[in-house]
1. Using the 7 Å Cα-to-Cβ label point, sort the distances from A:E55 to its equivalents in the other copies shortest first and give them in nm to one decimal.
2. Can you give the net charge of the other residues whose Cβ lies under 12 Å from the Cβ of A:I195, counting K and R as +1 and D and E as -1?
3. Which distances, shortest first and in nm, link B:S103 to the matching position in the other copies, using label points set 7 Å out along Cα to C-beta?
4. Taking H as built 1.01 Å from N, whose amide H comes closer than 5 Å to the amide H of A:Y158, not counting residues under 5 places away?
5. Mind listing the long-range amide H neighbours of B:G272? Cut-off is under 5 Å, sequence gap 5 or more, other chains count too, H placed in the peptide plane at 1.01 Å from N.
6. Would you kindly work out, in nm and rounded to one decimal, the distances from the label point of B:A247 to those of the same position in each other copy, ordered shortest first, with label points 7 Å along Cα-to-Cβ?
7. Can you list residues whose amide H is under 5 Å from B:T220's amide H, if they're 5+ apart or on another chain and H is modeled 1.01 Å from N?
8. Using a/c under 1.5 as the rounded threshold, could you call segment C:137-182 rounded, prolate or oblate? The axes a ≥ b ≥ c are square roots of the C-alpha gyration tensor eigenvalues, and prolate needs a/b larger than b/c, oblate otherwise.
Amino acid sequence: MNPEIKKRRAREIDRPTWNIEAIVAELRDIRIKDHETREGPAKLPSRKILVRIMEGLAAALFPNRLGTCRITCEGVDFYVGHTLDVNLTELLEQLRLEFEFTSGAALIIDSPSDLAAAVVSAFAKELPKARALLDTDIRAAYDGDPAARSIDEVLICYPGVTAILHHRLAHVLYKLGAPLLARMIAEIAHSSTGIDIHPGAEIGESFFIDHGTGVVIGETTIIGKNVRLYQAVTLGAKRFPTDEHGALVKGGARHPIVEDDVVVYAGATILGRVTIGRGSSIGGNVWLTRSVPPGSTISQAQVRSEDFHDGAGI
Amino acid sequence: MNPEIKKRRAREIDRPTWNIEAIVAELRDIRIKDHETREGPAKLPSRKILVRIMEGLAAALFPNRLGTCRITCEGVDFYVGHTLDVNLTELLEQLRLEFEFTSGAALIIDSPSDLAAAVVSAFAKELPKARALLDTDIRAAYDGDPAARSIDEVLICYPGVTAILHHRLAHVLYKLGAPLLARMIAEIAHSSTGIDIHPGAEIGESFFIDHGTGVVIGETTIIGKNVRLYQAVTLGAKRFPTDEHGALVKGGARHPIVEDDVVVYAGATILGRVTIGRGSSIGGNVWLTRSVPPGSTISQAQVRSEDFHDGAGI
Amino acid sequence: MNPEIKKRRAREIDRPTWNIEAIVAELRDIRIKDHETREGPAKLPSRKILVRIMEGLAAALFPNRLGTCRITCEGVDFYVGHTLDVNLTELLEQLRLEFEFTSGAALIIDSPSDLAAAVVSAFAKELPKARALLDTDIRAAYDGDPAARSIDEVLICYPGVTAILHHRLAHVLYKLGAPLLARMIAEIAHSSTGIDIHPGAEIGESFFIDHGTGVVIGETTIIGKNVRLYQAVTLGAKRFPTDEHGALVKGGARHPIVEDDVVVYAGATILGRVTIGRGSSIGGNVWLTRSVPPGSTISQAQVRSEDFHDGAGI
């Protein structure tokens with residue numbers, strides 16, 4: 001370093017010297033050994049921009065409730081059209097970044113831009129269907145919770161609705177071949193609600209998660225119509241198949257199938273490619289790794305009351 | 001669409017055509033069938049503005065700790081008064097939106113503006129009491145956690161304190177007849193802490209939730225003084241009464257009563273209108289659906305050690 | 001109040017009078033009785049600024065993935081150096097606030113500024129080591145989750161990675177004597193991920209938490225290499241020793257030791273200063289308060305299928 005600069009820097013009172021050059025060099029050495037540079041520099045999609053896009057798409061789907069301004073009957077279609085226009089354009093750019101990034105890994109034949117345009121177009125067409133599905137979900141939440149006072153309270157307050165709103169859009173992107181954006185959107189919802197739904201999960205209409213914190217729904221889960229889950233329910237994998245080198249086999253159906261009209265109470269854990277038959281009730285804290293026929297009611301072992309060592313806790 | 005515009009649009013390279021007009025029309029058709037338009041356009045309270053109001057009110061209650069600037073002894077009352085003034089005015093507008101919205105549902109006789117003014121006035125009068133209660137909660141957190149190094153660490157770091165701060169203010173609004181804002185404030189805290197306290201719950205002084213993620217406290221819960229909960233505790237409803245048409249009966253006492261000096265350890269689930277007697281300890285992961293007398297200690301069945309199928313998990 | 005102002009205020013239509021002066025006075029009286037004023041006015045570190053600093057440090061550690069702009073091979077070191085410079089300077093100020101604040105409690109001999117400078121300098125030196133450790137964690141996540149499609153998906157999406165990234169930096173600050181900033185950083189991650197790792201916990205390389213919501217790891221926990229946890233796992237304290245006055249003894253080893261190559265499945269609770277021997281598997285929902293030898297596999301009691309009272313739930 002230039003000695004003159006060094007001298008001046010030493011005179012800065014509030015900003016001591018930290019030898020940043022050495023740290024930069026050490027970090028560079030680590031990056032060179034690391035996976036990151038194997039694939040070269042690139043720009044990944046931005047979570048912050050995706051948060052904004054999701055807010056915009058939600059507002060376009062529910063303009064009178066989630067829109068950002070007071071909308072008249074006359075003005076609502078203008079608002080919806082403009083909001084879609086802006087946010088689909090933003091989404092296009094984020095998709096392009098995903099495809100540009102993964103194309104480095106040679107998975108893609110089309111140009112990232114063309115592919116992104118095709119995906120946005122297909123995605124946009126699915127939006128009315130997503131809105132119609134979400135209406136069934138909101139109605140299910142209202143019908144299923146004695147504390148719900150109005151449809152609108154459900155829409156603007158309930159974390160379960162936030163989670164399924166994100167999921168329904170993320171799932172469309174997942175099926176259109178944009179798994180990275182899909183996962184990022186799922187994690188935006190996970191972060192704000194504590195509900196972790198993999199974008200690969202197939203979920204039927206009238207789906208309701210109450211409270212929701214701690215819910216986990218795995219990638220290959222299939223959920224029928226009119227299913228209700230409570231907080232801390234896990235629909236997970238039981239075992240992970242490995243190949244001859246001991247490495248995990250990626251993908252593969254490994255999560256539960258939950259048929260129509262099932263209720264799963266708080267804390268229940270259902271693992272593996274099992275089927276929960278139509279109309280079943282799975283009790284709180286139940287641990288279940290086998291299929292159950294339609295109409296089953298499953299509960300956990302009863303609690304014993306006994307001596308309790310005072311102070312046992314966390 | 002004007003053919004000239006169509007041509008120009010086709011020349012936009014980075015912005016392909018998505019036929020937004022058709023999507024807007026489809027979305028309109030869905031809205032017309034839907035509940036949303038039944039009640040006509042309106043503007044709902046804004047979660048983002050409520051987040052800001054809550055930050056402001058917290059700063060007014062704890063100016064030296066949660067205030068946004070360095071405050072002198074001389075200046076503190078000016079800061080508090082100004083911060084109250086600004087944030088109560090903002091709250092007034094949000095309340096007006098709630099009442100305007102629900103007045104469409106004909107539940108309200110007074111004008112939304114008058115009602116909002118009366119509620120803000122009553123709310124403001126309750127703030128000193130809320131601060132005094134919160135001081136007992138913060139002290140309980142400090143006394144109850146061996147990892148707590150100072151009262152101030154507790155106040156600015158602990159999610160349990162964030163949750164009860166939001167709850168104490170939300171509960172005042174709930175009792176004053178503003179259940180929508182109250183619920184929105186509760187969900188702001190739920191989102192940032194994983195602690196879900198319905199604003200209807202009655203909670204006595206010196207209340208502490210440690211760690212907190214996954215805690216659920218239902219609408220009609222009553223909690224005495226000096227109660228401590230750990231993460232993932234549920235104080236919930238056991239069954240939901242339905243009317244002759246099978247629809248849920250809204251409201252109605254259905255959650256536990258927890259008397260003074262009770263501790264509930266992590267993961268315990270207490271359901272129904274049961275009473276947990278004064279001074280009881282409820283052990284981790286216990287599932288409890290009956291009342292227990294004062295001084296009870298309840299633990300779960302002991303775990304068996306046995307063969308374990310490798311790889312069983314999520 | 002000046003009567004003229006009073007009159008003018010009464011004419012404000014949208015802003016009724018709330019008698020703020022009386023509320024300010026009541027709040028002042030409460031503060032005077034309270035702990036807060038015992039220590040006088042001060043400015044505490046800012047959570048919002050810490051969020052920004054953590055984003056900056058993460059970008060400096062992973063410039064090509066978490067950086068905010070498209071970075072060329074030539075430009076990357078400039079970006080890293082500048083980002084470090086800016087964020088370490090911001091950190092310096094936050095550290096100064098912590099030390100100034102705690103120096104009021106007479107725990108510190110050096111001047112807050114000198115101490116802050118020394119801590120930032122030592123902290124900066126640890127950054128390359130933190131990056132190298134994080135590379136092992138990211139690799140462990142990729143290897144351990146069949147749903148993970150790429151290293152980069154793991155880095156930018158997985159809440160477990162966000163949590164360990166915050167922890168590795170918070171832990172450095174904790175060991176350097178800045179427990180308040182360390183705890184604030186831990187709570188930033190807790191809020192966004194639902195994963196609560198006390199900054200005091202010692203965690204070896206290749207650590208992976210999947211899903212993560214509800215995980216709690218206590219202050220004196222020690223975790224070896226290549227350990228995997230799932231959601232809602234608690235590594236907590238069993239009992240809290242009290243002194244002769246019944247007050248909690250602060251500090252003291254009270255959380256588990258988890259040796260290398262251990263997997264703990266979802267919902268398991270391990271309490272007290274017990275040792276989980278190398279290579280053990282702890283099954284889902286297990287409640288464990290004793291040590292287990294290396295290679296143990298522990299599962300919970302099997303669930304009974306039985307009559308289930310319909311509607312039992314939350």
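1. With the label placed 7 Å along Cα→Cβ, A:E55 yields 1.2, 1.2 nm.
2. -4
3. 5.7, 5.7
4. none
5. B:G236, B:A237, B:K238
6. So the distances to the same position in the other copies read 5.8, 5.8 nm.
7. Placed amide hydrogens put B:R254, B:H255 under 5 Å from B:T220.
8. prolate
Taken together, the values in this text are just the output of simple stated rules run on the coordinates, not laboratory data. Keep in mind that what you see is a predicted model, and the values were worked out from it rather than measured. Glycine gets a Cβ as well: all are built from the backbone with ideal geometry, and neighbour counts include every protein chain shown.
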